[in-house]
Amino acid sequence: MLGWFSKSTQRSGLLAVSIEPDAIKFAHVQYAGERPHATYWGSVSSDPSDQASSLQSAAKEHGFGRSTCT
């Protein structure tokens, strides 16, 4: 029962992130058998002066806050 209140360790799969001057692009990949498959990809616009905030918001919005990144 106490496990319900603990945080999960990590989301399975890998998250690739590309930070560009005007956008942050990302793709989430999970392994399914012998071949990986992309479960989500997208981009968010980003203010060049505050990219860290944009990345944190996007990760939280899509549930990737605890993913392993490449």
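The values are calculated or read from the model by the stated rules, or taken from the named source; none is laboratory data. Predicted model, so just to flag it, every value in this text is computed and none were measured. All Cβ positions, glycine included, derive from the backbone under ideal geometry; neighbour counts span all protein chains shown. Keep in mind that these areas ignore ligands, DNA and RNA; they rest on the heavy atoms of the full protein, side chains included. Shrake-Rupley method; radii C 1.70, N 1.55, O 1.52, S 1.80 Å.
Quick look at the values:
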{"read-out": "Accessible heavy-atom area order of HIS62, HIS37, HIS28, highest first, probe of 1.4 Å", "value": "HIS37, HIS62, HIS28"}
{"read-out": "Distant-in-sequence amide H partners of SER67 (H built 1.01 Å from N, under 5 Å)", "value": "ARG11"}
{"read-out": "Simple label model, 7 Å out from Cα along Cβ direction - HIS62 to VAL44, nm", "value": "0.9 nm"}
